[in-house]
Amino acid sequence: MSTFVPSGKEISRKWYVVDATGQTLGRLATKAASVLSGKLNPQYVPYIDMGDHVIVINAEKIRLTGLKDQQKIYRRYTGFPGGLREESFKRLIGRRPEKVVEEAVKGMLPKTKLGRAMGTKLKVYRGDQHPHAAQMPVELK
């Protein structure tokens, strides 16, 4: 008997849609990251991108537990001296709620070429409309 080894050519990718209304950010991000990385696929191998596409809608209705909505700070560095930029969760969720969900999910993916390829299959939208109806996405439970 031989062991089945999948190749990257015959991967059939599914599309899933997740409604973020009232969901906790971290729990939604772990669920999305496991689907993007392909760990729910029975043919999973760590060296091939076996993941499916994930669409997150209603990103502005995500919630955080405890005092994190008042205390959480997002930091980025511009690359110039004195270029550390800080923004609170409340301000960022009002300005760009898609960025909050994207950063949470992409932070749970590998920091390699493969992880960046997995991150491109994540689509996040502010409202409940998305342009991927032709792919017939299934709701992720």
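Quick notes on this one:
- Asp49 vs. criteria among the charged types (D, E, K, R), closer than 17 Å to Thr112 by Cβ and either in contact (Cβ under 8 Å) with a residue 60 or more places away in the chain or surrounded by 15 or more Cβ atoms within 10 Å (Cβ to Cβ) (or both): yes
- Enumeration of residues in the stretch 16-40 that are surrounded by fewer than 19 Cβ atoms within 10 Å (Cβ to Cβ) and not basic (Lys, Arg): Asp19, Thr21, Gly22, Gln23, Thr24, Gly26, Thr30, Ser34, Leu40
- Of all residues in the stretch 23-41, those being farther than 21 Å from Asp128 by Cα, free of Cβ contacts under 8 Å to residues at least 24 places away in the same chain and assigned to a helix (DSSP H, G or I) number 1.
- Of the residues making up the stretch 55-98, those that are touching a residue at least 24 places away in the same chain (Cβ under 8 Å) and under 26 Å from Ala117 (Cα atoms) are Ile55, Val56, Ile57, Asn58, Ala59, Glu60, Ile62, Tyr74, Ile93, Pro97, Glu98.
- Residue within the stretch 3-22 that is of a type outside the set (Val, Ile, Thr), part of a loop (DSSP other than H, G, I, E, B) and in contact with a His (Cβ under 8 Å, 6 or more places away or on another chain) present: yes
- Tyr44 falls short on exactly one of the conditions (1) part of a loop (DSSP other than H, G, I, E, B); (2) at pLDDT 95 or above; (3) surrounded by 12 or more Cβ atoms within 10 Å (Cβ to Cβ), and that condition is (2).
- All helices (runs of 4 or more DSSP H) inside the stretch 52-141 with 3 or more residues being among the aliphatic types (A, V, I, L, M) and surrounded by 13 or more Cβ atoms within 10 Å (Cβ to Cβ): 97-106, 113-119
The values are calculated or read from the model by the stated rules, or taken from the named source; none is laboratory data. From a predicted model like this one, the values you see are computed outputs, not experimental measurements. Using ideal geometry, Cβ is built from the backbone for each residue, glycine included, and neighbour counts are taken over all protein chains shown.
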